[in-house]
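Structure first, then comments.
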Amino acid sequence: MSDHTTNDFGQPVGNPSAGWTARPRPDGRPLAGRTAQLEKLSGGHADDLYAAMAEDDGRMWTYMAYGPFADQAAFRDWVETSAKSTDPFYYAIISQQSGKALGWASLMRITPEHGVIEVGSIAYAPALRKTVMATEAMTLMMAHAFDDLGYRRYEWKCDSLNAPSRAAAHRLGFIFEGIFPQHIIYKGRNRDTAWFSITDRDWPAVKAAHQAWLQPENFDADGEQIKPLSALTQSCARR
């Protein structure tokens, strides 16, 4: 399908969006999967999160706009303040097995009138990294944005020097769209920002890839993946 049409003057213009209405904002409903549950962040998650993040050696904060925190009280203050925010809208990522919160992520830069939303401020404790739960948390947030809320565009942005974040975006099925030089200043330094997105046109193929990867039969007796998600999402590249 063409991405444009022609007006009465013969000029190319974007396709009409008949019937489009502004999308609802995240409402804090729990998002439950096989291994992960996402809940609206609250002060009740602070102790679990502080204990989980204490296992990190400090490098997790390098590309974050905030942190590290001086002590547990400072961290609790940040959690309680962030829990009141509607943009970013924070979720705690909780293990279905242990019931412990092991990370957080947010839906942010929410633009209901255009149907654009971003996932960001993602922080995983060491116990969460490179687990099925870590991926499933991202799957649940994507599905919420597209299937529950009806957004048209789901974005991922990161410091262009943050190689792990860029690799994660590709693995999850995001399409790289370019670098915005000198986009922001944070922690006293420049950030060139790498932009990625999944649109509602991309979503059906990306969703199918995630669903296939998450199937229990895609993991052996030791819990090791049989087919990597990157192999399933590489065919989702936007044409």
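The values are calculated or read from the model by the stated rules, or taken from the named source; none is laboratory data. Fair warning: this is a prediction, and the values are worked out from it, not measured in the lab. Every residue, glycine among them, receives a Cβ derived from its backbone with ideal geometry; neighbour counts consider all protein chains shown. To get the accessible areas, we keep the full protein, side chains included, count just its heavy atoms, and leave off ligands, DNA and RNA. Shrake-Rupley method; radii C 1.70, N 1.55, O 1.52, S 1.80 Å.
Points worth noting:
- Matching residues in segment 22-31 - criterion: being of a type in the set (A, V, I, L, M) and surrounded by fewer than 13 Cβ atoms within 10 Å (Cβ to Cβ): Ala22
- The set of residues from segment 123-178 being more than 16 Å from Asp202 (Cβ to Cβ), among the β-branched types (Val, Ile, Thr) and open to solvent by 20 Å² or more (accessible area, probe 1.4 Å) comprises Thr131, Val132.
- Selected residue (only one of Thr81, Thr5 is open to solvent by 60 Å² or more (accessible area, probe 1.4 Å) and among the β-branched types (Val, Ile, Thr)): Thr81
- Contact annotation: residue pairs with Cβ atoms under 7 Å, 6 or more positions apart or on different chains, pairing a residue in segment 199-223 that is in contact (Cβ under 8 Å) with a residue 40 or more places away in the chain and β-branched (Val, Ile, Thr) with a partner that is open to solvent by less than 20 Å² (accessible area, probe 1.4 Å) and in a helix (DSSP H, G or I), are Val206/Thr233; Val206/Cys236.
- All positions within segment 15-40 that are closer than 22 Å to Ile110 by Cβ, free of Cβ contacts under 8 Å to residues at least 40 places away in the same chain and more than 17 Å from the chain's Cα centre (by Cα): Ser17, Gly19, Thr21
- The set of residues from segment 32-76 being surrounded by 15 or more Cβ atoms within 10 Å (Cβ to Cβ), assigned to a strand (DSSP E or B) and among the hydrophobic types (A, V, I, L, M, F, W, C) comprises Ala36, Leu38.
- Looking only at segment 52-85, and only at residues there that are over 20 Å from Lys187 (Cβ atoms) and in contact with a Pro (Cβ under 9 Å, 6 or more places away or on another chain), the one that is modelled with the lowest pLDDT: Glu55
- Verdict on Gln234 being assigned to a helix (DSSP H, G or I) and at pLDDT below 95: yes
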